[in-house]
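Only one structure is covered here, and it is reproduced in the block below.
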Number of protein chains: 2
Amino acid sequence: MSNPTLYTCLSPALLHLYDVRECIVVVIDVLRATSTIATALYNGAKEIIPVDSVERCIQLGTQINCITAGERDGQVAAGLQYGNSPFEYPRDFIAGKTLVLTTTNGTKLLHMALSKGATEIITGSFLNLSAVCDHLIQTKKNVILGCAAWKDKPNMEDTLLAGAIVSRVKEQFTINCDSSHIAKNLYNVAKDDLYEFMKVNDASHYHRLTNFGLEKDIHHCLTNDIANILPEYLNGKLVIQK
Amino acid sequence: MSNPTLYTCLSPALLHLYDVRECIVVVIDVLRATSTIATALYNGAKEIIPVDSVERCIQLGTQINCITAGERDGQVAAGLQYGNSPFEYPRDFIAGKTLVLTTTNGTKLLHMALSKGATEIITGSFLNLSAVCDHLIQTKKNVILGCAAWKDKPNMEDTLLAGAIVSRVKEQFTINCDSSHIAKNLYNVAKDDLYEFMKVNDASHYHRLTNFGLEKDIHHCLTNDIANILPEYLNGKLVIQK
């Protein structure tokens, strides 16, 4: 039997080029949606409801017992209680709670994948890199690594995570996808010090978050396996896969 | 005065994210449209008329004294006389003649840029890398490097050329563009042996052309400055900039 296939989609604006049905879609938004999702679930959140608009987030906040959170352009969105930093969700705050989250790129990509017929969606970050790779290798299904990017422009950190995943799983997949090989090579150059690589290469999100004083977030979100659970989208909610 | 800006657009499907007006747009289709364009003009072609459909190419062939050429999916398109290999256009054949050319990706991107208001379009390849870089540095205008890609999926060789250009001109431009930095790093890994890099990394176009027996074309199209002229789009035609 031949290996399953793996593709990397560098931007939501390219998602139409890939058939997301019958695949595992890995939603990647390193800074910071999928890092925050991994952190909140790791710290005991009951579930995370990703929504694609601030309005929907506010609305759900009035209907169910939950925490509403999200950002637009890197800052807490007006009308929401919390932002998109993993540090806002320590165990003593988030354990047992439902988090409703909307972000500029990551939650939008997730809904885009759903609307295109994706049936199996997980979220990936450096914080849960091993859990993601182990799952992909064990499941043996076709994979699409979906980078949330920044307003549809490919970005450094999501491409780096795609490259990290490709590097780890490549022997188990057939990869006829230049974007995957580009990502793999980029990660290979950067892997010894991802933070320094982002800085030296003027990554746009490095500048954006540093301007908000969020270097600490960047460091955290580039750290392997410190929230090493597998968030899976089931019945409208992200929960830890058992 | 601040430096002009430079952006890399990795796929025609992302071109709408960039403002191509008031910019120099560099159309990049390494395998093989823009390599063939550089070669034919270097070998004395009078002009090249890029058209976006096989039908239009055939139609022009009946109206003016010209050679019609083009490919779809890497092979000579039905109804056209010649293909998209630089080796089809030696000096003793092409000198003084008008070439009408249509290709799967490159000529389509050129017309897309025109339709979005681009007023200054040049074409880039490894064969005329220095001419392109010298022009960008001297002109001091904002630049968009437009990769033709393969059916809208980013590809290895166009990204490599974008990276080669970024590497050479980066001190003269402000580059707030992760795609440019990704391309630059990729090129830096690959530059000592581009052909071997394409092969080892399973570049999709390497396989596509090798399956047609076109390794020689790949080698040729990855060679620096062997047709070092500057093709410029003027009044519907690509000609050597004087």
Which numbered condition B:LEU99 misses (of (1) in a helix (DSSP H, G or I); (2) in contact with a Cys (Cβ under 7 Å, 6 or more places away or on another chain)):
(1)
Here are B:ASP217, B:ASP225: which of them is in contact (Cβ under 8 Å) with a residue 24 or more places away in the chain, under 28 Å from A:ASN185 (Cα atoms) and assigned to a helix (DSSP H, G or I)?
B:ASP217
Determine whether region A:107-120 contains at least one residue that is touching a residue at least 12 places away in the same chain (Cβ under 8 Å) and touching a Phe, Trp or Tyr at 6+ places or on another chain (Cβ under 6 Å).
no
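Here are some residues: A:SER179, A:SER204, A:SER167. Which one is closer than 24 Å to A:VAL76 by Cβ and not aromatic (Phe, Trp, Tyr)?
When all the criteria are applied, what remains is A:SER204.
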Verdict on B:SER125 being of a type in the set (S, T, N, Q), under 25 Å from B:ASP217 (Cβ atoms) and touching a residue at least 60 places away in the same chain (Cβ under 8 Å)
yes
Would you please name the residue that is modelled with the lowest pLDDT, looking only at residues in region B:79-96 that are among the hydrophobic types (A, V, I, L, M, F, W, C) and assigned to a loop (DSSP other than H, G, I, E, B)?
B:LEU80
Of everything in region B:205-228 that's hydroxyl-bearing (Ser, Thr, Tyr) and surrounded by fewer than 21 Cβ atoms within 10 Å (Cβ to Cβ), which residue is nearest to the other protein chains (Cβ to nearest Cβ)?
B:THR210
A:VAL143 under 20 Å from A:LEU110 (Cβ atoms), aliphatic (A, V, I, L, M) and over 14 Å from the mean Cα position of the chain (by Cα):
yes
Aliphatic (A, V, I, L, M), farther than 25 Å from B:LEU15 by Cα and not in a loop (DSSP other than H, G, I, E, B), is that true of A:LEU14?
no
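Which helices (runs of 4 or more DSSP H) sit wholly inside region B:114-192 and have at least 3 residues that are within 14 Å of chain A (Cβ to nearest Cβ) and at pLDDT 95 or above?
Helices (runs of 4 or more DSSP H) meeting the threshold: B:156-169, B:178-190.
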Can you go through B:THR39, B:THR107 and tell me which one is under 30 Å from B:LYS170 (Cα atoms), under 19 Å from the mean Cα position of the chain (by Cα), at pLDDT below 95 and part of a helix (DSSP H, G or I)?
B:THR107
Any chance B:VAL54 is β-branched (Val, Ile, Thr), closer than 30 Å to A:CYS177 by Cβ, surrounded by fewer than 24 Cβ atoms within 10 Å (Cβ to Cβ) and away from every other protein chain (no Cβ under 14 Å):
yes
Checked B:THR123, B:THR68 against criteria (surrounded by 21 or more Cβ atoms within 10 Å (Cβ to Cβ), of a type in the set (Ser, Thr, Tyr) and touching a Cys at 6+ places or on another chain (Cβ under 9 Å)); the one match is B:THR68
Being under 27 Å from A:LEU194 (Cβ atoms) and either under 17 Å from the mean Cα position of the chain (by Cα) or of a type in the set (Lys, Arg) (or both), is that true of even one residue in region A:51-61?
no
Return the residue satisfying two criteria in turn: it lies in region A:7-36 and is more than 20 Å from A:VAL166 (Cβ to Cβ) and under 13 Å from the mean Cα position of the chain (by Cα), and of such residues it is modelled with the highest pLDDT.
A:THR36
Within region A:18-51, can you find the residues that are within 14 Å of another protein chain (Cβ to nearest Cβ) and surrounded by fewer than 17 Cβ atoms within 10 Å (Cβ to Cβ)?
A:ASP19
Of the residues that make up region B:93-112, is at least one under 18 Å from B:ASN235 (Cα atoms), out of contact with any Lys or Arg (no Cβ under 9 Å at 6 or more places or on another chain), of a type in the set (Val, Ile, Thr) and surrounded by fewer than 22 Cβ atoms within 10 Å (Cβ to Cβ)?
no
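The values are calculated or read from the model by the stated rules, or taken from the named source; none is laboratory data. In this text the structure is predicted, and so the values were computed from the model without any measurement. FYI the Cβ positions are ideal-geometry reconstructions off the backbone, even for glycines, and counts take in every protein chain you see.
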